[in-house]
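First comes the structure, then the notes that go with it.
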Amino acid sequence: MGLLDIFRNRSQDPSAKMAKERLQILIAHERAQGQNRAPHYLPEMQKEILEVIRKYVHVEDDAVKFEVEHNEQFELFELNITLPEKGEAGDRPD
Amino acid sequence: MSKVLVVTSGKGGVGKTTTSAAISSGLAMAGKKTVVIDFDVGLRNLDLIMGVERRVVYDIVNVIQGEAGLNQALIRHKEVDNLYVLPASQTKDKDALTEEGVGKVLDDLRAEGFDYIVCDSPAGIERGAQLAMYYADEAIVVSNPEISSVRDSDRMLGILASKSRRAKDGETAIKEHLLITRYAPDRVGTGEMLSVEDMLEILAVPLLGVIPESNAVLQASNAGRPVILDENTDAGQAYQDAVARLLGEERPMRFIETEKKGFLGRLFGRS
Ligand SMILES: Nc1ncnc2c1ncn2[C@@H]1O[C@H](COP(=O)(O)OP(=O)(O)O)[C@@H](O)[C@H]1O
Ligand SMILES: [Mg+2]
C-alpha cells in the first residue's frame with residue numbers, strides 16, 4: 001500500500017456502503033416476490049385476498065402491494081391497497 | 001436424541017466444507033458422538049479436509065443402494081474420538097441420492113446413537129442442496145461479507161423456511177444460525193467490505209460466529225486436519241467459540257476488530 005492509498009482510503013466513498021444499499025433493495029424485492037424467506041403459501045394467499053377485496057371494490061393488480069418483512073422476533077406481512085378515488089367507477093362491481 | 005445440522009450457503013466456495021469439518025470435530029471433542037456426511041455427490045471434498053481420503057471404501061450412495069452396510073461405509077477419525085465421516089460418491093450421478101434413501105440413512109444413524117449428524121451441503125439451491133437440508137433440525141448458513149454470498153444466503157434461508165421437512169409437516173421451524181467466514185476486519189475498516197453489523201441487519205439471523213480470513217485454513221487443508229485442531233490459530237479459535245455457542249455457551253466475538261495501528265503501522269504494517 002502506497003502513501004497515496006492511505007489518504008485516498010479515508011476520503012473514498014466506501015464501496016461496502018453501496019453493497020449494503022444494493023442488497024437491501026434487492027432482497028426486499030426478492031422477499032416480496034416470495035422467492036426468499038416468504039412462506040410458501042404466500043402466492044396463493046395473495047390471490048385469495050385480492051379476490052375478497054374485489055368483491056367490494058374494483059382495484060387493478062398494481063394497486064395492491066404485498067410485502068413481507070423479517071426480523072429476529074417476528075415476521076411482518078404488509079398489505080397496501082390503493083383504493084380508487086371517490087366518484088371514479090371503482091365501486092362495487094355488480 | 002440426535003440433532004441433524006446442515007451447513008449450507010447457496011453460493012459455492014464460501015467455506016461450507018471447512019466449516020463442516022471444524023464444527024463436527026469440535027462437537028466430537030466436546031464429547032458428542034458425531035458423524036459428518038458429505039452430500040456433494042460427484043465432487044466430494046470433505047474426505048480430504050478431514051484427512052480420511054485414503055480410507056474411503058464405500059460411500060453414502062452405496063449405503064442407499066444397499067451395496068454396503070452403514071458401518072462399512074462410516075470412517076472413524078483416527079485423531080478425534082467420537083467422530084465419523086460418511087463420504088460422498090465420486091462416480092455416481094447426483095440422482096443417486098433420494099429423499100427416502102437419505103431419510104433411511106439418517107434414521108439408521110439415529111439408531112446408532114449419534115448425538116449430532118452434520119450435513120455438508122453442495123453449492124447451489126437445487127436438488128443436492130435441498131436434500132442436504134431437508135431433514136435438518138438446525139442450519140448453519142455460511143456467508144462471506146460479499147454481495148452475492150449474502151444474497152444467496154437469504155435465498156437459502158427462504159428454502160429452509162419453506163421446503164424443509166419441518167416446514168412441510170408444520171413443525172417448529174429449523175433453528176437458524178449465521179456463520180460469517182473469511183472476514184477481514186481491516187478491509188471492513190476501510191469500508192471495502194460489509195461489516196458483521198451490515199450482514200446481521202440484512203439477514204436478521206442469530207450470529208453463531210465470525211471466522212477470520214486466515215492462512216491457517218489453507219495449511220489445515222494441506223495437512224488434512226480440520227483447522228479447529230490447530231488451537232493456536234485465529235480460525236481454529238473462532239471455530240471453537242462457534243462450537244461452544246452451538247452447545248449453549250455464551251462467548252464474546254473475537255477477531256472482528258482491526259488491530260489499531262499508528263501512522264507508521266499503516267505505512268509499513270500492511271501489504
Ligand atoms: N476462513 C478462511 N480463511 C481463508 N480461506 C478460507 C477460509 N474458509 C475457507 N477458505 C478457503 O476457501 C475455499 C473454499 O472453502 P470450502 O470450505 O471448500 O467452501 P465450500 O465448501 O463452501 O465450497 C478453500 O480453498 C478454503 O481453503
Ligand atoms: Mg464444499
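Based on the Kirkwood approach, the hydrodynamic radius assigned to the protein assembly as shown is 22.5 Å, with every pair of different Cα atoms included. Per residue, the convex hull around the alpha carbon atoms of the range B:88-247 comes to 146 Å³. Rolling a 1.4 angstrom probe over the protein assembly as shown with all protein chains present gives an accessible area of which 48% lies on carbon and sulfur atoms.
Express as a percent, rounded to the nearest 5, the fraction of DSSP beta bridges in chain B (both residues included) that run antiparallel.
Details: 2 of 30 bridges.
Within chain B, antiparallel bridges account for around 5 percent of the total.
Looking at the protein assembly as shown, what % of its DSSP beta bridges pair antiparallel, to the nearest 5? Around 25 percent of the beta bridges assigned by DSSP in the protein assembly as shown are antiparallel ones.
May I ask you to derive the relative contact order of chain B, considering only C-alpha pairs under 8 Å and at least 6 residues apart, and to give it as an integer percent? It would help to have the intermediate numbers written out before the result.
Working: 542 pairs, mean separation 64.2, N = 271.
Once divided by the residue count of chain B, the mean separation gives 24 percent.
Local charge for B:Gly128 was computed over the other residues whose Cβ lies under 9 Å away, with Lys and Arg +1 and Asp and Glu -1, and equals 0. Note on B:Lys11: aspartates and glutamates with a C-alpha under 16 Å away, same-chain residues under 8 apart excluded, are B:Asp40, B:Asp120, B:Glu126, B:Glu146, B:Asp152, B:Asp154.
In whole Å, what three semi-axes, largest first, describe the equivalent ellipsoid of chain B built from its Cα gyration tensor (square root of 5 times each eigenvalue)?
Working: eigenvalues 199, 86, 54 Å².
Equivalent ellipsoid semi-axes, largest first: 32, 21, 16 Å.
Checking the Cα-Cα distances for A:Lys65/B:Lys163; B:Lys78/B:Lys163; A:Lys20/A:Lys65; A:Lys20/B:Lys32; A:Lys47/B:Lys3; A:Lys65/B:Lys175 against a 28 Å cut-off, the pairs over it are B:Lys78/B:Lys163; A:Lys20/B:Lys32; A:Lys47/B:Lys3; A:Lys65/B:Lys175.
Per residue of the protein assembly as shown, what 222 nm ellipticity follows from adding -39500 (n - 2.57) for every DSSP H run with n ≥ 4, rounded to the nearest 500? Per the formula, -12000 deg cm²/dmol.
Pairs of Cα atoms under 8 Å, at least six residues apart: use those to get the relative contact order of the range B:1-146, whole percent. Each step should come with its number before you reach the end.
Numbers: 298 pairs, mean separation 64.2, N = 146.
Averaging sequence separation for qualifying contacts and normalising by length gives 44 percent for the range B:1-146.
The values are calculated or read from the model by the stated rules, or taken from the named source; none is laboratory data. On a predicted model such as this, the values are computed, not experimentally measured, just so you know. Cβ atoms come from the backbone with ideal geometry, glycine included; neighbour counts cover every protein chain shown. Note: areas computed on protein heavy atoms with side chains; ligands, DNA, RNA excluded. Shrake-Rupley method; radii C 1.70, N 1.55, O 1.52, S 1.80 Å.
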